[in-house]
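S.K.: Next up is a structure, given as structure tokens.
The values are calculated or read from the model by the stated rules, or taken from the named source; none is laboratory data. On a predicted model such as this, the values are computed, not experimentally measured, just so you know. All Cβ positions, even for glycine, are placed from backbone atoms using ideal geometry, and neighbour counts span all protein chains on display.
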Amino acid sequence: MTTTIIDVRSDTLTKPTQSMRLAMSEALVGDDVYGEDPTVNRLQDSIAELFGKESALFVPTGVMGNQLAIAVHTQRGDEIIVESESHIFHYETAAPAIIAGVQMYCIPSWKGEMPLDSIKEAIRPPVYYFPKTSLICIEQTHNRHGGTIVSLDYMQSLHALGQEFNLPIHCDGARIWNACAAANVEPHVFAQYADTLSVCLSKGLGAPIGSVLIGSKEHIEQARHWRKVLGGGMRQAGILAAAGLHAIEHHRSMLQEDHEKAALFASLITQDSQCIIANSSGNVESNIVIIDCGENVNPSDVQAMCEKKSLFLSMGRGRCLRTVFHRDISMDMIQTAADIFCSSYRILENART
């Protein structure tokens, strides 16, 4: 009997469906470096329209999308403002310093919403011995805070602050699709408060590869140059773009189900163990659950024991575990996942007492 593997380390683990593979195999292609791939062009036009922007650029990864945006908005020696738990700061291998030649000023926040007063204090005065503040970056949804949603009210206020100080806003929108599903709004509603956005196709949407950078025509033309510099210009990329188009058309409407799976899992494990949900807002707002195992149980031991029972979790911030629910995890798996987690937790808790 084959054991069912329940892998909730990340929503990047989603695999293409048969219908997505068919769409990829039938894609019309051309050379995208020449701008001649019809499927890539259709994806870019479609996403630009969805987000209410002039233009878009297909890129291999979300990291590249973020780094192209930073390079477009800055000059070498500048400083950008980022949230202290942001993906750009923690997981992009100091790329802003390497590629754009800028440093990061980190501001802590409660759930990804940096205090506006703290941002104002961080903006450098125009004195020759200071770096120039040239960009503010936000993350939607916010990974390390537990999939929290940066509110529309906050984004509107941040945008107004940016206009006041003539600072562009870049949104790392890797999971902005989840924010749209949770808030029940179309992408352009969030996007109106950012100058550029990088959005992933390969997380909850389920495409195998790809992100899209969105912005003005001028921003995207500059980003196209930087994409070439970084080796991100692909040739018959329509095979990949077709997966993104299929995901947007067929999978976007299912994202709310992933949020329901996350909420159910969180409810079940807190009922049957002493762990607590450590999402910064205290609630499960999308598809991510951060789990604090408490002082008496080592989270890495829980992770290892769960893995032996075919439940795969990842480490979160600090001493927490992270679970991310996605389309390849069925609702029927949630009770099994919770049972495995709670039984492992109790064994380790009892061993300490």
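S.K.: Which residues, taken from segment 133-174, are in contact with a strand residue (DSSP E or B) (Cβ under 7 Å, 6 or more places away or on another chain), assigned to a loop (DSSP other than H, G, I, E, B) and either free of Cβ contacts under 8 Å to residues at least 40 places away in the same chain or not assigned by TED's automatic domain parsing to the domain that holds Ser216 (or both)?
M.R.: Result: Val150, single match.
S.K.: Taking Asn66 and the conditions (1) among the polar types (S, T, N, Q); (2) part of a helix (DSSP H, G or I); (3) surrounded by fewer than 20 Cβ atoms within 10 Å (Cβ to Cβ), which numbered condition does it fall short on, given that it satisfies the others?
M.R.: Condition (3) is where Asn66 drops out.
S.K.: How many residues does segment 84-129 contain that are in contact (Cβ under 8 Å) with a residue 24 or more places away in the chain, more than 20 Å from Ala223 (Cβ to Cβ) and in a helix (DSSP H, G or I)?
M.R.: The number of residues fulfilling the criteria is 5.
S.K.: If you scan segment 18-49, which residues turn out to be outside any helix (DSSP H, G or I), charged (D, E, K, R) and loosely packed, with under 13 Cβ neighbours inside 10 Å?
M.R.: The one that is outside any helix (DSSP H, G or I), charged (D, E, K, R) and loosely packed, with under 13 Cβ neighbours inside 10 Å: Glu26.
S.K.: Within segment 190-199, is there a residue that is of a type in the set (A, V, I, L, M), over 18 Å from His87 (Cβ atoms) and surrounded by fewer than 19 Cβ atoms within 10 Å (Cβ to Cβ)?
M.R.: Scanning segment 190-199 turns up no residue that is of a type in the set (A, V, I, L, M), over 18 Å from His87 (Cβ atoms) and surrounded by fewer than 19 Cβ atoms within 10 Å (Cβ to Cβ).
S.K.: Is segment 339-352 home to any residue that is under 29 Å from Ala181 (Cα atoms) and either in contact with a Gly (Cβ under 9 Å, 6 or more places away or on another chain) or of a type outside the set (Val, Ile, Thr) (or both)?
M.R.: Yes, the conditions are met somewhere in segment 339-352.
S.K.: Restricting to segment 104-155, and then to whatever is closer than 24 Å to Asn279 by Cβ and of a type in the set (Ser, Thr, Tyr), can you tell me which residue is farthest from the chain's Cα centre (by Cα)?
M.R.: Only one residue tops the list, namely Ser118.
S.K.: Sticking with this structure for a sec: Test of understanding: among Val302, Val289, Val284, which residue is β-branched (Val, Ile, Thr), over 22 Å from Leu205 (Cα atoms), buried (at least 19 other Cβ atoms within 10 Å of the Cβ) and touching a residue at least 24 places away in the same chain (Cβ under 8 Å)?
M.R.: After ruling out the rest, the residue left standing is Val302.
S.K.: Do you know which residues across segment 24-55 are among the small types (Gly, Ala, Ser) and touching a Leu at 6+ places or on another chain (Cβ under 7 Å)?
M.R.: Within segment 24-55, Ser46 is the sole residue that qualifies.
S.K.: Taking segment 258-274 only, how many residues are buried (at least 17 other Cβ atoms within 10 Å of the Cβ) and at pLDDT 95 or above?
M.R.: Summing the residues that are buried (at least 17 other Cβ atoms within 10 Å of the Cβ) and at pLDDT 95 or above in segment 258-274 gives 10.
S.K.: Starting from residues that are in a strand (DSSP E or B) and out of contact with any Ser or Thr (no Cβ under 6 Å at 6 or more places or on another chain), keep the ones in segment 296-336 and report whichever is farthest from Ala247 (Cα to Cα).
M.R.: By that ranking, first place goes to Cys320.
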